[in-house]
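Heads up: the structure comes next, in structure tokens.
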Amino acid sequence: LRVKNDREKCVGCGKCRKVCPMDVNMTDNSRRRLNGTECILCLRCVEECPPKALHL
């Protein structure tokens, strides 16, 4: 599973990073998705994203 960032919907507000316990920067994710040891898939970023740019 991966958290994906839809850059067309992302407004760059940074709310996802503020709630992330691992301090993952989803707005600066050039691969548009995150997979690896940084993300623990808590999904706080997905819940907090106002424009719903983040999803699994």
Going through segment 27-49 in order, the residues found to be under 14 Å from Lys15 (Cα atoms) and modelled with pLDDT of 95 or more are Leu43, Arg44, Cys45, Val46, Glu47, Glu48, Cys49
For segment 7-26, name all the residues that are surrounded by 12 or more Cβ atoms within 10 Å (Cβ to Cβ) and either closer than 12 Å to Leu43 by Cα or in contact with a strand residue (DSSP E or B) (Cβ under 7 Å, 6 or more places away or on another chain) (or both).
Cys16, Arg17, Val19, Cys20, Met22, Val24, Met26
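The values are calculated or read from the model by the stated rules, or taken from the named source; none is laboratory data. Bear in mind the structure is a predicted one, so any value in this text is a computation, not a measurement. In this analysis, Cβ positions are derived from the backbone assuming ideal geometry, glycine residues included, and neighbour counts consider all displayed protein chains.
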